[in-house]
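The next block holds one structure in the form of structure tokens; read it before the comments.
The values are calculated or read from the model by the stated rules, or taken from the named source; none is laboratory data. Keep in mind it's a predicted model, so treat the numbers as computed, not measured. Reconstructed Cβ throughout: ideal geometry from the backbone, glycine too, with neighbour counts over all protein chains shown. The area values use the complete protein model at the heavy-atom level, side chains included, leaving out ligands, DNA and RNA. Shrake-Rupley method; radii C 1.70, N 1.55, O 1.52, S 1.80 Å.
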Amino acid sequence: AQSVTQPDIHITVSEGASLELRCNYSYGATPYLFWYVQSPGQGLQLLLKYFSGDTLVQGIKGFEAEFKRSQSSFNLRKPSVHWSDAAEYFCAVGGNTGGFKTIFGAGTRLFVKA
Amino acid sequence: SQTIHQWPATLVQPVGSPLSLECTVEGTSNPNLYWYRQAAGRGLQLLFYSVGIGQISSEVPQNLSASRPQDRQFILSSKKLLLSDSGFYLCAWSELAGIDTQYFGPGTRLTVL
């Protein structure tokens, strides 16, 4: 069965510090992986996605993610966090099987302290 | 460019009242359309998705229903709201199902009292 696990419900980092949000997935075929961000009271916006090729993917707002097939992980990183990065982050997996559905993780809430 | 609209932005309804939330997409044809619910502090729950006019797939049993009367219009309805229907409702579209980016609307905050 398809599933996405984001083990951290919330994370607090200091402004300027580095960030890593964890994501593990379970998928029976080639996964299509996504990271979305949601500011309070708004819809989700795509940060980046991975389909194939280079396993290190660059996204908007200075974010990057690395696909590690052996670990079934797709962790999101940013070298220096800004206060405006405070939001909720969702990892998602989709593909050509399982009814062509995209499965979202439960999300990780990021707090940034000054 | 493509845009997605949802209305209303907020809604407060009494238990037992009907519901109609509307979502429209502009700038694309034959999109895949989705309704999600997001309860406080929780992730996204897929409620319905549609691959074409009149084609609706339901993901969870509930007192909600969805319709797609036009290619780019997706409506979420209920005949009688329950307290548990409170939440943040998001509409989204994609060109391809499963493998494509989903583009989300601004959402509707529904409070059932």
Exercise. What number goes with the only condition from (1) among the hydroxyl-bearing types (Ser, Thr, Tyr); (2) in contact (Cβ under 8 Å) with a residue 24 or more places away in the chain; (3) not in a loop (DSSP other than H, G, I, E, B) that residue A:80 does not pass?
Worked result: (3)
For this session: Could you please let me know if residue B:65 is open to solvent by 40 Å² or more (accessible area, probe 1.4 Å) and either modelled with pLDDT under 90 or over 25 Å from residue A:95 (Cα atoms) (or both)?
Result: yes
Problem set entry | Selected residue (criterion: most open to solvent (accessible area, probe 1.4 Å)) from residues of segment A:25-51 that are more than 11 Å from chain B (Cβ to nearest Cβ) and out of contact with any Phe, Trp or Tyr (no Cβ under 9 Å at 6 or more places or on another chain) | A:28
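Let's see how each residue does on (1) closer than 30 Å to residue A:27 by Cα; (2) assigned to a loop (DSSP other than H, G, I, E, B):
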site	(1), (2)
B:21	no, no
B:30	yes, yes
B:48	yes, no
B:51	yes, no
B:88	yes, no
B:93	yes, no
B:98	yes, yes
For this session: Mind listing whichever residues of segment A:9-24 are within 28 Å of residue B:109 (Cα to Cα), assigned to a loop (DSSP other than H, G, I, E, B) and more than 10 Å from chain B (Cβ to nearest Cβ)?
Result: A:23
For this session: Mind listing whichever residues of segment A:52-65 are within 14 Å of another protein chain (Cβ to nearest Cβ) and not aliphatic (A, V, I, L, M)?
Result: A:52, A:59
Exercise. Among the residues of segment A:17-37, is any within 13 Å of residue A:108 (Cβ to Cβ), in contact (Cβ under 8 Å) with a residue 60 or more places away in the chain and of a type in the set (A, V, I, L, M)?
Worked result: yes
Exercise. Hey, does segment B:3-17 have a residue that's among the hydroxyl-bearing types (Ser, Thr, Tyr), buried (at least 20 other Cβ atoms within 10 Å of the Cβ) and in contact with a strand residue (DSSP E or B) (Cβ under 9 Å, 6 or more places away or on another chain)?
Worked result: no
Seminar exercise, completed: Flagged pairs (Cβ under 8 angstrom, 6 or more apart or on separate chains; first in segment B:35-59, surrounded by 15 or more Cβ atoms within 10 Å (Cβ to Cβ); second acidic (Asp, Glu) and not in a strand (DSSP E or B)) are B:45/B:59; B:46/B:59; B:47/B:59; B:48/B:59; B:49/B:59
Exercise. So which residues in segment A:90-114 are assigned to a strand (DSSP E or B), surrounded by 20 or more Cβ atoms within 10 Å (Cβ to Cβ), within 12 Å of the chain's Cα centre (by Cα) and not aliphatic (A, V, I, L, M), if there are any at all?
Worked result: A:90, A:91, A:104, A:108
Problem set entry | Conditions (1) crowded, with 17+ Cβ neighbours inside 10 Å; (2) under 13 Å from residue A:34 (Cα atoms); (3) not charged (D, E, K, R); number of the one not met by residue A:87 | (2)
For this session: Test residue A:64 against the stated conditions and say whether it is surrounded by fewer than 18 Cβ atoms within 10 Å (Cβ to Cβ) and modelled with pLDDT of 95 or more.
Result: yes
Problem set entry | Any hit, segment B:87-108, residues being over 26 Å from residue A:47 (Cβ atoms), of a type in the set (A, V, I, L, M, F, W, C) and open to solvent by 10 Å² or more (accessible area, probe 1.4 Å) | no
